[in-house]
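I have placed the structure first, in the form of structure tokens, so that the comments after it can refer back to it.
The values are calculated or read from the model by the stated rules, or taken from the named source; none is laboratory data. The shown structure was predicted, so the numbers you read here are calculated from the model rather than taken from an experiment. Don't worry about glycine lacking a Cβ; one is built from the backbone with ideal geometry, like all the others, and counts go over all protein chains shown. Only protein heavy atoms, including side chains, enter the accessible area calculation; ligands, DNA and RNA are left aside. Shrake-Rupley method; radii C 1.70, N 1.55, O 1.52, S 1.80 Å.
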Amino acid sequence: MKKSLGWLAAAMLCTAVPAHADDSAFLKSFAGSWVGKGTVKTDADSKPIKINCKFASNATESSLSLDGKCTGYVVFSRAIGADVKTDGQTYSGTYTGSSTGPAGLSGNRSGEALVLGIRWAKEVNGDRAAQLKLEKVGDNGMRLTTTDKDPATGKNIVISEINLSRP
């Protein structure tokens, strides 16, 4: 499968959600520099790879933009980016960095998390759909979790989990 799947999880960090009364402050809380570690799988049946990531994020009342880089095994790295905007109800945008090409993002806010659907440019793990959950962890942390369906079992599996904090 595509090796970009693993890197996608990190890229999803920059996704967005539906607008609540406090979405402006929520979005702005993602602005700044982020660093962290996690694991990513290159496809549904591969072993997790440990990764290190650095991101710079800009946010306004209605948008979030993320530019970053994740490295695994010290020698493999991938540039990742995402731009998401809200219309006050839902979020939509584009993820760049996948070897399949730009992916569409859309979703909503659920409590202290953004839940975004991913629409790959080409099939990954048997289809073009996956999900990213971006959770706030305290004042200075966030967790990115990307899930996808295992083509062999049809069950949802974790493809990547990245824990980030402010440096």
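Once the mean 1/r over all distinct Cα pairs of the range 52-167 is inverted, what Kirkwood radius in angstroms do you read off?
Here the Kirkwood hydrodynamic radius works out to 15.0 Å.
Work out the length of the dipole vector of the chain about its Cα centre, built from +1 on the beta-carbon of each Lys and Arg and -1 on the beta-carbon of each Asp and Glu, and round it to the nearest 20 debye.
Result for the chain is approximately 540 debye, rounded to the nearest 20.
Using a 1.4 angstrom probe on heavy atoms only, work out the carbon and sulfur share of the accessible area of the chain in %.
50
Where a Cα-Cα gap under 15 Å defines reach, which aspartates and glutamates qualify for Lys133, not counting those fewer than 8 residues away within the same chain?
Result set, ordered by chain and number: Glu112, Asp148, Glu161.
Straight distance only, please: which lysines reach the Cα of Lys47 with their own Cα at less than 18 Å, same-chain residues fewer than 8 apart left out?
Straight-line reach from Lys47, under 18 Å: Lys2, Lys3, Lys37, Lys149, Lys155.
What number, in percent, do you get for the relative contact order of the range 12-167 if the mean sequence gap of Cα pairs under 8 Å and at least 6 apart is divided by its residue count?
24
Per residue, how many Å² of accessible area does the chain show with a 1.4 Å probe?
Per-residue value: 48 Å².
Out of Pro102, Tyr73, Leu134, whose Cα points farthest toward the positive end of the dipole of the chain (charges: +1 Lys, Arg; -1 Asp, Glu; placed on Cβ)?
Ranked along the dipole, the leading option is Tyr73.
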